[in-house]
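Okay, structure first, notes after.
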Amino acid sequence: MSEKNNKLIPLFSFASGLLFGLGLIISGMINPGKVIGFLDLAGNWDPSLALVMIGGLAITTPAFRLVLKREQPLFESKFFLPGKLDIDKNLLSGAALFGIGWGLAGLCPGPALTGLASLNPTVLLFVAAMIGGMILHYITLERS
Amino acid sequence: MEDFTPFSALIGGALIGVSATLFLWANGRIAGISGILGGLIFAPKSEFTWRLLFLLGLLSAMVTYMLLSGGAPDIQIQSTPVVTILAGLFVGFGTRMGSGCTSGHGICGIARFSKRSFSATAVFMLTGFITVYVSRHLLGLGL
């Protein structure tokens, strides 16, 4: 098990991205109108997107358990899991800010990046601003 | 509720779950989109190729869909350019600060019973609901 075929990592990354993007498109997550319809409890509420999460978790919850029972992944020598365990101020403030942005435009990172290929100008603008926000965070809080 | 699309939502969600599982099984990593994109900008060069290929996979999904169906899926824009820029800045800044977005926390983190991901998902859902209420019903910012 020591010799890992690292050449397959890019291929499996591409395949995962492809499946993920198809999931976002088929589920309707790609559509800001659908997202706002889900977040608009006081309007004409559309619960569809709750089912996207339920469908996703119905797979990942049991399957992650099986995968993480293995000593290592197929093409890497270890699993790269988030190290932080405590609920801190950054986690909660960051999530709060993300939710505000999500509610304003109905776009989150996955659908926005997938939607780039449709060349929709609003999606392009959103992705540029999102990268700007990431750089802004790096400049103000990460680079010390 | 005439827009309710339970079957495509469940099938699409399951595909996302299969993708995240494949990614963890093969490459040992969490399929968090904001993290993959952020790493493309800030992480070491050795991490560049797989991140870029994951993003190319996302773009190829759209191209594949457009080739097969003969057009783009519904992308009903909900924001003016100024609000879009503001939203993008919030999403970019917030996902870096909060270590993840809908995919990393909502689909992958909750599946691992991560307390951080449960908390983050509850918070971004809550502020998402509040933002839509305030912007659509109080301020009239929607399109």
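The values are calculated or read from the model by the stated rules, or taken from the named source; none is laboratory data. No experiment lies behind these values; they were computed from the predicted model shown. Counting neighbours? That spans all protein chains shown, and the Cβs are built from the backbone with ideal geometry, glycine included. For the accessible areas, the whole protein counts, side chains as well, though only heavy atoms, and no ligand, DNA or RNA atoms are used. Shrake-Rupley method; radii C 1.70, N 1.55, O 1.52, S 1.80 Å.
Out of residues 5 or more away from B:R29 or on other chains, whose amide H comes under 5 Å of its own, with H placed 1.01 Å from N in the peptide plane?
So B:R29 has HN proximity to A:F80, B:L24.
Could you state the accessible area per residue of the range B:76-143 in Å², with a 1.4 Å probe and every protein chain left in place?
Values: 2770 Å² over 68 residues.
Per residue, the range B:76-143 has an accessible area of 41 Å².
Springs between alpha-carbon pairs under 10 angstrom, Gaussian network model over chain A: which of A:P47, A:P62, A:P82 fluctuates most?
A:P82
Using DSSP to define loop residues, name the chymotrypsin sites (Phe, Trp or Tyr not before Pro) in the range B:42-135 whose beta-carbon has at most 12 other beta-carbon atoms within 10 Å.
Details: sites: B:F42, B:F48, B:W50, B:F54, B:Y65, B:F90, B:F93, B:F113, B:F118, B:F124, B:F129, B:Y133; in loops: B:F113.
For chymotrypsin sites (Phe, Trp or Tyr not before Pro) across the range B:42-135 that sit outside H, G, I, E and B with at most 12 neighbouring Cβ atoms in 10 Å, the list reads B:F113.
Please identify the trypsin sites (Lys or Arg not before Pro) of the range B:1-52 that satisfy two criteria: DSSP loop assignment and at most 15 other Cβ atoms within 10 Å. Which are they?
On the way: sites: B:R29, B:K45, B:R51; in loops: none.
Answer in residue order: no site qualifies.
Take each uninterrupted DSSP H stretch in chain B, measure its Cα extent along the helix axis, and return the ones at 20 Å or beyond whose mean Kyte-Doolittle hydropathy is at least 0.5.
Details: long enough: B:6-27 (31 Å, 1.44); B:48-69 (32 Å, 1.62); B:81-97 (24 Å, 1.49); B:115-132 (26 Å, 1.01).
Those that clear 20 Å and a mean of 0.5 are B:6-27, B:48-69, B:81-97, B:115-132.
Mind giving me the FRET efficiency for A:A58 and B:D3? R0 is 30 Å, r the Cβ-Cβ distance, nearest 0.05 is fine. Mind dumping the intermediate values first?
On the way: r = 22 Å, r/R0 = 0.75.
Step by step, r from the Cβ atoms, then E = 0.85.
Test of understanding: in a Gaussian network model of chain B with alpha carbons linked when under 10 Å, which of B:I33, B:I16, B:I85 would top the mean-square fluctuation ranking?
Residue with maximal mean-square fluctuation among B:I33, B:I16, B:I85: B:I85.
Which entries of A:K69/B:K45; A:K7/B:K45; A:K69/A:K89 show an alpha-carbon separation above 24 angstrom in the structure shown? Please report the intermediate quantities before stating the final value.
Working: A:K69/B:K45 30 Å; A:K7/B:K45 16 Å; A:K69/A:K89 32 Å.
In this structure, A:K69/B:K45; A:K69/A:K89 exceed 24 Å between Cα atoms.
Compute the longest continuous run of chain A that contains no exposed trypsin sites (Lys or Arg not before Pro); treat a site as exposed when its DSSP state is not H, G, I, E or B and it has at most 16 other Cβ atoms within 10 Å. Before the final figure, lay out each step's value.
Working: sites that count: A:K4, A:K7, A:R70, A:K78, A:K84, A:R143.
Longest gap between qualifying sites, sites excluded: A:8-69.
Could you work out [θ]222 nm for chain B from helices alone, using -39500 (n - 2.57) per DSSP H run of at least four and dividing by all its residues? Round to the nearest 500 deg cm²/dmol. Kindly include the intermediate steps, with their values, before the conclusion.
Details: 5 runs with 89 residues, N = 143.
About -21000 deg cm²/dmol.
At 222 nm, what helix-only mean residue ellipticity would chain A give, in deg cm²/dmol to the nearest 500, using -39500 (n - 2.57) for each DSSP H run of four or more?
Numbers: 6 runs with 91 residues, N = 144.
Value at 222 nm, helices only: -20500 deg cm²/dmol.
Summing both sides, how much accessible area is buried between B and A? Use a 1.4 Å probe and give Å² to the nearest 100.
On the way: alone 10960 and 11180 Å², together 12470 Å².
That pair hides around 9700 Å² of surface in total.
If we restrict to alpha carbons, what Rg and Dmax does chain B come to, in Å?
Rg then Dmax for chain B, in Å: 16.9, 48.
Where in chain A are the helices, taken as whole DSSP H runs, whose Cα atoms extend 18 angstrom or more along the long axis and whose Kyte-Doolittle mean reaches at least 1.6?
Numbers: long enough: A:8-27 (28 Å, 2.06); A:48-69 (32 Å, 1.52); A:89-105 (25 Å, 1.01); A:121-137 (24 Å, 1.92).
Membrane-span-like by this criterion, though nothing is claimed about a membrane: A:8-27, A:121-137.
Would you give the gap between the C-alpha center of the range B:58-129 and the C-alpha center of the range A:120-140, rounded to a whole Å?
13
Set the Förster distance to 35 Å, then compute FRET efficiency between A:N44 and B:F113 from the Cβ-Cβ distance, nearest 0.05.
0.55
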